[in-house]
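Notes for the one structure printed next.
The values are calculated or read from the model by the stated rules, or taken from the named source; none is laboratory data. The shown structure was predicted, so the numbers you read here are calculated from the model rather than taken from an experiment. Positions of Cβ are backbone-derived with ideal geometry, glycine not excepted, and every protein chain shown enters the neighbour counts. Remember, those area values only see protein heavy atoms, side chains included, never the ligands or the DNA or RNA. Shrake-Rupley method; radii C 1.70, N 1.55, O 1.52, S 1.80 Å.
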Amino acid sequence: MDLRRISDTFSVSPQIDPGDVAEIKAAGFRAIMCNRPDGEDEGQCDHALIEAAAQEAGLAFYNVPITSAGISTEDMDDFNAALAEMPGPVLAYCRSGTRCTMLWSMSQIGHMPADEIVTAAAEAGYDVRGVVAQMSG
């Protein structure tokens with residue numbers, strides 16, 4: 001698995017599968033968030049299988065599927081509501097981790113300085129300069 005820490009309470013990962021849940025729990029996560037719609041790619045693991053493994057392991061699971069085509073206001077509302085409810089630390093996953101990082105970055109606008117958002121994402125290997133500049137300006 002490729003777990004990438006964005007903040008003390010939020011990390012991201014490319015697609016996971018049920019067999020990864022024990023390692024996720026052992027790493028100290030208390031919740032998993034899926035930001036990927038089922039069927040996005042052929043052979044992709046259905047979120048319900050990961051949710052069942054998470055629940056069996058005692059982890060919270062939230063399914064907040066966001067298409068890679070664009071992020072709507074409703075998508076952000078759903079993401080923020082889930083994040084507010086979830087016990088941390090949270091591991092969010094999508095195809096590559098980029099979508100989760102973008103969502104987190106957008107959710108932090110107005111809550112932390114733009115340069116700190118960009119740095120946190122960059123340290124995890126993601127470039128969010130464009131979206132942060134667009135939303136901050």
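Each Lys or Arg adds one and each Asp or Glu takes one away; over the other residues whose Cβ falls under 10 Å from the Cβ of Q44, this sums to -4.
Ordering A48, P87, M112 by Cα displacement along the dipole of the chain toward the positive end leaves M112 in first place; charges were set at the Cβ atoms of Lys, Arg (+1) and Asp, Glu (-1). Taking 0.36 nm per residue of sequence separation and removing the Cα-Cα distance, the R95/M135 pair yields an extension gain of 12.0 nm.
Would you mind working out the magnitude of the charge dipole of region 1-78 relative to its Cα centre, with +1 at each Lys and Arg C-beta and -1 at each Asp and Glu C-beta, to the nearest 20 Debye? Each step should come with its number before you reach the end.
Working: 5 positive and 16 negative charges, 90 e Å.
With Lys and Arg at +1 and Asp and Glu at -1, about 440 debye.
Each Lys and Arg adds +1 at its Cβ and each Asp and Glu adds -1 at its Cβ; summed about the Cα centre, the chain shows a dipole of about 360 debye. Couplings for region 90-102, taken from phi via the Karplus curve 6.51 cos²θ - 1.76 cosθ + 1.60 with θ = phi - 60°, read 10, 10, 9, 9, 8, 5, 10, x, 5, 4, 4, 5, 4 Hz in order; Gly and Pro are left as x. Under the simplified labelling scheme, the L49-D17 pair shows an inter-label distance of 0.7 nm, with each label point 7 Å from Cα along Cα→Cβ. 3J(HN,Hα) along region 77-88: 4, 5, 4, 5, 5, 5, 4, 5, 8, 6, x, x Hz, from the Karplus curve 6.51 cos²θ - 1.76 cosθ + 1.60 with θ = phi - 60°, whole Hz, x for Gly and Pro.
Please identify, among P14, P113, P89, the residue showing maximal mean-square fluctuation in a Gaussian network model of the chain using a 10 angstrom Cα cutoff. Comparing P14, P113, P89 in the GNM, the peak value goes to P113.
Could you look at the chain and say what percent of its accessible area is carbon and sulfur, using a 1.4 Å probe and all protein chains? Can you show the working numbers first?
On the way: 3260 of 6790 Å².
Percent of accessible area from carbon and sulfur atoms in the chain: 48.
Counting Lys +1, Arg +1, Asp -1, Glu -1, what net charge surrounds S136 among other residues with beta carbon under 13 Å of its beta carbon? Neighbourhood net charge equals -1. Model label sites at E40 and E85, defined 7 Å from Cα along the beta-carbon direction, differ in position by 2.0 nm. Estimated at the nearest 10 Å², the accessible area of Y62 is 60 Å² with a 1.4 Å probe. Residues whose amide H comes within less than 5 Å of that of I66, counting only those at least five positions distant or on another chain, are R36 (H built at 1.01 Å from N in the peptide plane).
Less than 5 angstrom separates the built amide H of A92 from those of S11, V12, S13, M33, all sequence-distant by 5 or more or on a different chain. Annotation for D2 and A57: the two label points, set 7 Å from Cα along the Cα-Cβ direction, are 1.9 nm apart. Summing +1 for each Lys or Arg and -1 for each Asp or Glu among the other residues whose beta-carbon sits under 11 angstrom from that of E123 gives +1.
Per residue, region 23-137 exposes 50 Å² of solvent-accessible protein surface, assessed with a 1.4 angstrom probe and all protein chains in place.
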